[in-house]
Amino acid sequence: MKFIPTGSQTVGPFFSIGLDTLCQQPAMSPSPDAVLVQGTIFDGENAPIPDAVFEFWSDNEFVRAATNEDGNFFAVLKQPVNSLYFDVLIFMRGLMRPVLTRVYLGDERTFKEETSLQRVPPERRNTLCARAGETKNHFSWDVHMQGDRETVFFEF
Amino acid sequence: MTHSAEDRRVLLASQPPYLHPPYVSSKKRAPARPLVALPSALASFKGPVFGQDSLQPGDCDLTKQHSGEPLGERIIVIGKVTDDDGHPVRGALIEIWQANAAGRYKHKNDSHAAPLDPNFSGCGRVITDNEGRYSFVSIKPGAYPWRNHENAWRPAHIHFSLFGAGILSRLVTQMYFPNDPLLPFDPIYNSIPDESARQRLVSQFDWATTQPEHALGYRFDVILRGNRSTPMENTRP
């Protein structure tokens, strides 16, 4: 590192003006090779966050999805080819820089060999696992910024 | 690739913490527990690539997106995007959004009693060229009030979202304007601990870019973290 990177600043409350173009349009019925991950993001008082934007990064895809007025997000994702997870950046008003987390599709027992999960305290690993829903290829994953169920965030 | 302790200290001081109490909404949204270290696999995701064909005509000129000209002081913003080794970042998508000249965003949740401008949407997109350079035309945004604290006003700013070589290079920031009297009072600008890092968020007036009878020029260069750089340690709550 020869030069110091530019400082990060919050996306603020009105990011949809600039970031909507790349947002995935809501689609409730993913194609057979895709999965739908949906959930709600909560602040430290368990209130849904209506102005957050998620970016799912994998080895074969980039998907951006913003929360709606109820703090819900929906993302249709292709299964990653070379990993079991998506890296997820979450931006919002109130965060001066994004948080980085990961989401695994399925039960944590499936992923117990994963090196990134091994660094996570066992009692918090379930915060990174999306639960399979009743419908095939549907998963639900809630994110908690703080509190007893605070999602694991990684150094970024 | 491996950073010295000094590199890490400088990097940390150049970036805002998650919890910055003067910015009130960080209190309920900043992670409270220490961040967890990741193995190096993070750098393996190259991220999306955007070609010029992902832009629409007019994306780089926010004054030409409607039938008439927007009100306000026309500006040309130029700059160069490099990585932290000084190499140009080519083909970097930059997404831009901003308030109009009266300080009003075209957004349903903006309740500031300033007029919307039918000729200004405030959204732009550009991609850097082979030397990492970009430019766009817009109008100078106005300051606007917010409810963070008593008599709180945001300094004029343009939001920037940038994609570099991968996820570690991802950056969202704000470009400010020189000599803005609101900067010393702004908790968002002042969330960056290091003064020189803060000042690099302030664009510079640029004679060479200024065009007679047309627009004032401002220069705003951006440095992205390289894809091989180490994630920031941050064990502060």
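The values are calculated or read from the model by the stated rules, or taken from the named source; none is laboratory data. If you're wondering where the values come from, they're calculated on a predicted model, not measured in any experiment. Counting neighbours? That spans all protein chains shown, and the Cβs are built from the backbone with ideal geometry, glycine included. Heavy atoms of the whole protein, side chains included, go into the accessibility calculation; ligands, DNA and RNA do not. Shrake-Rupley method; radii C 1.70, N 1.55, O 1.52, S 1.80 Å.
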- request: Go through segment B:162-204 and give me each residue that's in contact with a strand residue (DSSP E or B) (Cβ under 6 Å, 6 or more places away or on another chain), more than 19 Å from A:G12 (Cα to Cα), open to solvent by 10 Å² or more (accessible area, probe 1.4 Å) and modelled with pLDDT of 95 or more.
  value: B:P178, B:Q204
- request: Give the residues of segment A:138-156 that are more than 7 Å from chain B (Cβ to nearest Cβ), under 11 Å from the mean Cα position of the chain (by Cα) and not in a strand (DSSP E or B), sorted by residue number.
  value: A:W141, A:D142, A:T151
- prompt: Just one of the numbered conditions (1) more than 7 Å from chain A (Cβ to nearest Cβ); (2) modelled with pLDDT of 95 or more; (3) open to solvent by 30 Å² or more (accessible area, probe 1.4 Å); (4) in a loop (DSSP other than H, G, I, E, B) is not true of B:K46; which one?
  reply: (2)
query: What do you reckon, is A:D51 modelled with pLDDT of 95 or more and within 9 Å of another protein chain (Cβ to nearest Cβ)?
result: yes
Extreme residue, farthest from B:Y18 (Cα to Cα), among residues of segment A:93-148 that are surrounded by fewer than 17 Cβ atoms within 10 Å (Cβ to Cβ) and among the polar types (S, T, N, Q): A:T135
message: Condition first: buried (at least 19 other Cβ atoms within 10 Å of the Cβ) and more than 20 Å from B:V126 (Cα to Cα). Now tell me which residues in segment A:11-23 satisfy that.
response: A:G12
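Any residue in segment A:21-33 that is in a loop (DSSP other than H, G, I, E, B) and within 13 Å of chain B (Cβ to nearest Cβ)?
Of segment A:21-33, the ones in a loop (DSSP other than H, G, I, E, B) are A:24-33.
Filter again for within 13 Å of chain B (Cβ to nearest Cβ), leaving A:24.
There is at least one residue in segment A:21-33 that is in a loop (DSSP other than H, G, I, E, B) and within 13 Å of chain B (Cβ to nearest Cβ).
In segment A:87-130, how many are among the aromatic types (F, W, Y), part of a strand (DSSP E or B) and touching a helix residue (DSSP H, G or I) at 6+ places or on another chain (Cβ under 6 Å)?
Result for segment A:87-130: 1.
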Any chance A:P32 is at pLDDT below 95 and touching a strand residue (DSSP E or B) at 6+ places or on another chain (Cβ under 7 Å): no
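Can you work out which of the residues in segment B:88-107 that are assigned to a strand (DSSP E or B) and open to solvent by less than 10 Å² (accessible area, probe 1.4 Å) is farthest from B:F163 (Cα to Cα)?
Out of the qualifying residues, it is B:Q98.
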- prompt: Which numbered condition trips up B:A32, out of (1) assigned to a helix (DSSP H, G or I); (2) at pLDDT 95 or above?
  reply: (1)
message: Please verify whether B:D110 is assigned to a loop (DSSP other than H, G, I, E, B) and either within 12 Å of another protein chain (Cβ to nearest Cβ) or of a type in the set (F, W, Y) (or both), treating the condition exactly as stated.
response: yes
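Quickly run through segment A:98-124 and pick out the residues that are over 16 Å from A:T151 (Cβ atoms) and β-branched (V, I, T).
Across segment A:98-124, the qualifying residues are A:T110, A:T115.
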task: Would you check which residues across segment A:67-79 are surrounded by fewer than 19 Cβ atoms within 10 Å (Cβ to Cβ) and either closer than 12 Å to A:D33 by Cβ or among the small types (G, A, S) (or both) and list them?
output: A:K78, A:Q79
